[in-house]
Amino acid sequence: MNPNPRQLTLLGAVRAQGSVTVEQLADALGVTLQTVRRDVQRLADEGLLTRFHGGVRVPSSTIENIAHQHRESLNADGKQRIARAVAAAVPNDCSLILNIGTTTEAIARALRQHTGLRVITNNLNVASVLSTNPKCEVIVVGGVVRGRDQGIVGEAAVDFIRQFKVDIALIGISGIEADGSLRDFDYREVKVSQTIISHAREVWLAADISKFNRPAMVEVANLSQIDRLFTDATPPDPFPALLTEAQVRLEVSLT
């Protein structure tokens with residue numbers, strides 16, 4: 001499914017509180033209980049929420065991500081808007097690193113018409129997309145391939161990336177918490193992402209609105225380490241103030 005704006009707001013409310021009653025959601029969204037129950041059922045069917053008697057909660061703790069196929073469909077329109085904005089900002093004839101994630105995969109598809117790119121990636125899905133562009137060189141990171149999403153992780157991947165210094169790191173993330181920390185689920189993936197950040201002249205974060213206030217176990221970085229943030233809607237409080245304090249350039253892609 002591709003959740004509509006109301007359903008995305010519902011997801012954000014549940015993630016912000018951990019668990020919430022159907023009545024509270026109806027009040028917060030200004031809709032009927034029947035509408036909330038219908039939305040909750042659809043989201044639960046997709047594995048994005050878990051129902052309990054009288055309410056709903058996030059489907060897992062901070063230790064496990066949503067399945068790749070569900071993440072692909074979650075806010076797909078927003079990810080495409082982000083991808084177009086990122087691609088418009090990326091110049092031809094530059095070097096990039098793209099990490100694991102469905103948003104970076106959307107960015108890869110948007111970069112297929114660029115020329116003179118040298119792209120390093122630990123995401124086999126990104127490599128597959130960009131290798132079809134004859135005017136783009138793709139370098140695949142070595143390491144352990146995760147079957148569930150075709151991401152490459154582990155110490156071999158970290159060692160490989162340390163050889164390079166690229167113009168731009170284009171990174172996705174699983175969650176951004178209210179303390180300004182960027183978080184993910186797999187410690188091995190996090191080590192690779194940290195190395196990517198430290199080996200780029202600029203770091204651009206691509207994160208749709210569902211990532212704000214979403215908890216995850218392992219800290220990747222802080223907003224102060226990001227140069228530009230691309231998203232599909234104005235972030236909720238306290239993020240605008242955090243971004244201003246961290247001097248992050250915010251790019252909101254509404255179209």
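The values are calculated or read from the model by the stated rules, or taken from the named source; none is laboratory data. What you are looking at is a predicted structure, and each value in this text was computed from that prediction instead of being measured. A quick note on method: Cβ atoms are made from the backbone with ideal geometry, for glycine too, and the neighbour counts reach across all protein chains shown.
Side notes on the structure shown:
- Residue among V153, V138, V145 that is over 26 Å from R84 (Cα atoms), surrounded by fewer than 21 Cβ atoms within 10 Å (Cβ to Cβ), aliphatic (A, V, I, L, M) and modelled with pLDDT of 95 or more: V145
- Residue list for segment 111-135, restricted to those being surrounded by fewer than 19 Cβ atoms within 10 Å (Cβ to Cβ) and more than 23 Å from R162 (Cα to Cα): R112, Q113, T115, T132, N133, P134, K135
- Of all residues in segment 235-251, those that are under 14 Å from N222 (Cβ atoms) have Cβ atoms under 9 Å from Cβ atoms of residues that are surrounded by 13 or more Cβ atoms within 10 Å (Cβ to Cβ) and of a type in the set (D, E), 6 or more apart or on another chain, in Q247/D227; V248/D227.
- Options A157, A127; residue that is of a type in the set (G, A, S) and either more than 19 Å from V220 (Cα to Cα) or free of Cβ contacts under 8 Å to residues at least 12 places away in the same chain (or both): A127
Every residue, every condition in (1) within 17 Å of the chain's Cα centre (by Cα); (2) within 23 Å of P235 (Cα to Cα); (3) without any contact (Cβ under 8 Å) to a residue 40 or more places away in the chain, yes or no:
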{"residue": "I100", "(1), (2), (3)": "yes, yes, no"}
{"residue": "A108", "(1), (2), (3)": "yes, no, yes"}
{"residue": "R162", "(1), (2), (3)": "no, no, yes"}
{"residue": "T195", "(1), (2), (3)": "no, no, yes"}
{"residue": "H199", "(1), (2), (3)": "no, no, no"}
{"residue": "V203", "(1), (2), (3)": "yes, yes, yes"}
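- Test result for R183, part of a strand (DSSP E or B), in the same structural domain as N99 (by TED's automatic domain parsing), within 13 Å of the chain's Cα centre (by Cα) and of a type outside the set (S, T, Y): yes
- Scanning segment 156-166 for residues that are surrounded by fewer than 16 Cβ atoms within 10 Å (Cβ to Cβ) and within 18 Å of C94 (Cβ to Cβ) returns Q163, K165.
- Some residue of segment 210-225 being in contact with an Asp or Glu (Cβ under 6 Å, 6 or more places away or on another chain), in contact (Cβ under 8 Å) with a residue 40 or more places away in the chain and closer than 21 Å to K165 by Cβ: yes
- Selection within segment 199-255 - hydrophobic (A, V, I, L, M, F, W, C), in a strand (DSSP E or B) and surrounded by fewer than 16 Cβ atoms within 10 Å (Cβ to Cβ): L250, V252
- Being more than 23 Å from R6 (Cα to Cα) and of a type in the set (D, E) holds for only one residue in D208, D227, and it is D227.
- Residues in segment 79-101 that are buried (at least 23 other Cβ atoms within 10 Å of the Cβ), farther than 20 Å from Q163 by Cα and not hydrophobic (A, V, I, L, M, F, W, C): K79, G101.
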